[in-house]
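Okay, structure first, notes after.
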Amino acid sequence: MAELAASLRHEVDRYSPGEKLPPSRKLVERFGVSPVTVSRAVAALAAEGLVVTRPGSGAYRAPAPAGARTKGDTSWQEVSLSAEPTLGGAEPVPRSVDDAGILATLSSPPPGTIAFNGGYLHAGMQPERALSTALARAGRRPSAWERPPVEGVPELRGWFAREIGGAEGVLDASDVLVTAGGQSALTAALRALAPPGAPVLVESPTYPGMLAAARASGVRPLPVPMDRDGVRPELLEEALRSSGARVFVCQPLFQNPTGRVLGAERRRAVLEIARAAGAFVLEDDFARHLAHADLPSLPPPLAAEDEHGTVVHVRSLTKATSPNLRVGALAARGPVMRRLRAIQVVDSFFVPRPLQEAALELVGSPAWGRHLRAVAAGLAGRRRDMVAALLHDLPSLTPPEPPRGGLHLWLRLPEAADEQALVVSALRAGVAVAPGRPYFPAEPPAPHLRLSFGGTTGPPEIDEGVRRLRAALTECGLA
């Protein structure tokens, strides 16, 4: 219903005030949905004041409010917002911003729909009480409303430095910049490390939010293939040599969307290859606090093993807590830190101090350790439940090696599958899923789906969601 309502919302402006919209029968045929879905979508637009319905007659574009100004012609903006030529006659730098891949995980599905498309913990696993307590304590601190240093509160920077650099003390507080979450950190890092028009190497597949940020910054993401042990070093070396890229973006731990962990023998190889090429490794360590309870140990961040300032590290508290605790960090050594700080100052000055103080209260409390243990157990249980449900209802789609960290599973579909048709069919069946196409910087080798178990309530919802997905696959002739 939400998808149909969005489509109709974009089309309303084609009609004059008081003009009749197409009848429900036409909308059913055109969009391949049920009459009930059409009725709900039209009702949603009526509630927004965009249309009016007349029983027995149909839906009409709502009349303009009395005294409302006539909208002008904004078509000139298409030219102004298009690509602009660069100096010296170089290739035009694209200026479009594609948020489709991000919205696939941020959009809330219609009521009654099971959300397998989310990118955050279910509210039942978020530390709401601990967050409320931390925020209240932070607000009572004498300095809570003072302007913070642009780099961040020193104590929080020190905590991030210890978390990222490990016991060896590779990093200290001066090597850390507090950011407004991981997405903000990635965007700042891409702008700092690569000029517009430059190539940037990325894992394939990879996180759509990073691809969108790269393209919005005018850089060109180029794929480097992966296998079960992560990025392939020989292909990374060749890509750096042939493209001239000076940045490689990777997620060595529980990679999104594959869930893979960079193999032990490849970690050093990646650092050595990047250093030999004079390239940065942008390490997105988004899932460090999303390890499952049945995982015996975690490898350290690449930044903890970096001797020469090759790694620019991104870390965030958001995934393990709440979408609203947008506090993260960039860690780097050398001149690049000055550029990162300058970009943050220009963009947003600093992260609000009350939010930083609340994060510091949270990670310094006994509740933090208890919360991480609860998340580890909850995610392990949900992963096992989803794998069991897939084995029962969709055995051909069950991943052979489910990850033991992160929030989701990555499923390869039959070659003949139409991802978008399946996504729409699944939504009709009452389950929201994320298509695989936005995760690939170039043409994908096969169709995929990403199914999130981290945003579910538990076994009953997971079992029902997989049954609904099976119905959608059957409707599309894939099961």
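The values are calculated or read from the model by the stated rules, or taken from the named source; none is laboratory data. Given the structure is predicted, the values throughout are model-derived calculations rather than measurements. Glycine also receives a Cβ, built like all others from the backbone with ideal geometry; neighbour counts cover every protein chain displayed.
Here's the yes/no breakdown for (1) touching a helix residue (DSSP H, G or I) at 6+ places or on another chain (Cβ under 6 Å); (2) of a type outside the set (Lys, Arg):
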site	(1), (2)
376	no, yes
418	no, yes
426	yes, yes
435	yes, yes
445	no, yes
448	no, yes
453	yes, yes
465	no, yes
470	yes, no
- Task: Name the single residue, out of those in the stretch 32-56 being touching a residue at least 24 places away in the same chain (Cβ under 8 Å), closer than 15 Å to residue 22 by Cα and hydrophobic (A, V, I, L, M, F, W, C), that is surrounded by the fewest Cβ atoms within 10 Å (Cβ to Cβ).
- Result: 50
- Selection count, the stretch 107-136, where residues are assigned to a loop (DSSP other than H, G, I, E, B) and either aromatic (Phe, Trp, Tyr) or buried (at least 17 other Cβ atoms within 10 Å of the Cβ) (or both): 12
- In the set 359, 389, 380, which member is outside the structural domain of residue 321 (by TED's automatic domain parsing) and within 24 Å of the chain's Cα centre (by Cα)? 380
- Query: residue 396 passes all but one of (1) more than 30 Å from residue 157 (Cα to Cα); (2) at pLDDT 95 or above; (3) over 24 Å from the mean Cα position of the chain (by Cα); which number fails?
  - Reply: (2)
- Matching residues in the stretch 289-301 - criterion: being at pLDDT below 95 and either among the charged types (D, E, K, R) or not in a loop (DSSP other than H, G, I, E, B) (or both): 294
- Query: Which members of the stretch 44-76 meet the condition of being more than 17 Å from residue 13 (Cα to Cα) and either at pLDDT 85 or above or not in a loop (DSSP other than H, G, I, E, B) (or both)?
  - Reply: 54, 58
- Message: I'd like the residue in the stretch 160-185 that is acidic (Asp, Glu) and in a helix (DSSP H, G or I) and, out of all such residues, is surrounded by the most Cβ atoms within 10 Å (Cβ to Cβ).
- Response: 175
- For the stretch 328-354, what are the residues that are crowded, with 19+ Cβ neighbours inside 10 Å and more than 19 Å from residue 171 (Cα to Cα)? 344, 350, 351, 353
- Item | Matching option when the condition is without any contact (Cβ under 8 Å) to a residue 40 or more places away in the chain and surrounded by fewer than 19 Cβ atoms within 10 Å (Cβ to Cβ), among 235, 240 | 235
- Filtering the stretch 424-435 for residues that are outside any loop (DSSP other than H, G, I, E, B), buried (at least 23 other Cβ atoms within 10 Å of the Cβ) and either outside the structural domain of residue 461 (by TED's automatic domain parsing) or of a type in the set (Val, Ile, Thr) (or both) leaves a count of 1
- Message: Can you pull out every residue in the stretch 197-232 that is of a type in the set (A, V, I, L, M), part of a helix (DSSP H, G or I) and crowded, with 20+ Cβ neighbours inside 10 Å?
- Response: 210, 211, 212, 213, 214
- Those residues of the stretch 269-300 which are of a type outside the set (Gly, Ala, Ser) and more than 21 Å from residue 183 (Cα to Cα) amount to 270, 271, 272, 273, 275, 292, 294, 295, 296, 298, 299, 300
- Item | Total residues in the stretch 261-288, condition assigned to a loop (DSSP other than H, G, I, E, B) and touching a Leu at 6+ places or on another chain (Cβ under 8 Å) | 6
